[in-house]
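Enquirer: Sharing a structure below in structure tokens format, with a few things to ask.
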């Protein structure tokens, strides 16, 4: 994704230079948006990815990684109490 940002940036600067030579100043706000908006989208995506990575790498004690927490459970899925009650109620209704 980063090389694409560089292509957009260099292309935006070349387009701005061409517009300055041809005295077409009305295009500068559009060129600024062309160059700036991909960077803001990239920053937002990185921020959400970092939040996801932080939440995925939390252990049972609040530190460590998800693998350590799964290994402590012998790699069995976590079953909540509400799921157990739901399973018991569904068996009785049959």
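Enquirer: May I ask for the equivalent-ellipsoid semi-axes of segment 1-56, computed as the square root of five times each C-alpha gyration tensor eigenvalue and listed largest first in whole Å?
Expert: On the way: eigenvalues 207, 22, 3 Å².
For segment 1-56, the semi-axes come out at 32, 11, 4 Å.
Enquirer: What distance in nm separates the simple spin-label points at residue 22 and residue 50, each placed 7 Å from Cα in the Cβ direction?
Expert: Result: 4.0 nm between the two label points.
Enquirer: For 30, 6, what ranking results if the residue with the fewest other Cβ atoms within 10 Å of its Cβ goes first?
Expert: On the way: 30 13, 6 9.
Lowest to highest Cβ neighbour count: 6, 30.
Enquirer: In nm, what is the difference between 0.36 nm times the number of residues separating residue 7 and residue 42 and their Cα-Cα distance? Intermediate values should be presented prior to the final figure.
Expert: Values: separation 35, 0.36 × 35 = 12.60 nm, distance 1.40 nm.
Separation in residues times 0.36 nm, less the Cα-Cα distance, equals 11.2 nm.
Enquirer: May I ask you to sort 21, 31 by Cβ crowding, counting other Cβ atoms within 10 Å and putting the fewest first?
Expert: Working: 21 8, 31 18.
Fewest-to-most ranking of 21, 31: 21, 31.
Just so you know, all these numbers are worked out from the coordinates, no wet-lab data involved. These numbers were taken from a predicted model, which means no experiment stands behind them. A quick note on method: Cβ atoms are made from the backbone with ideal geometry, for glycine too, and the neighbour counts reach across all protein chains shown.
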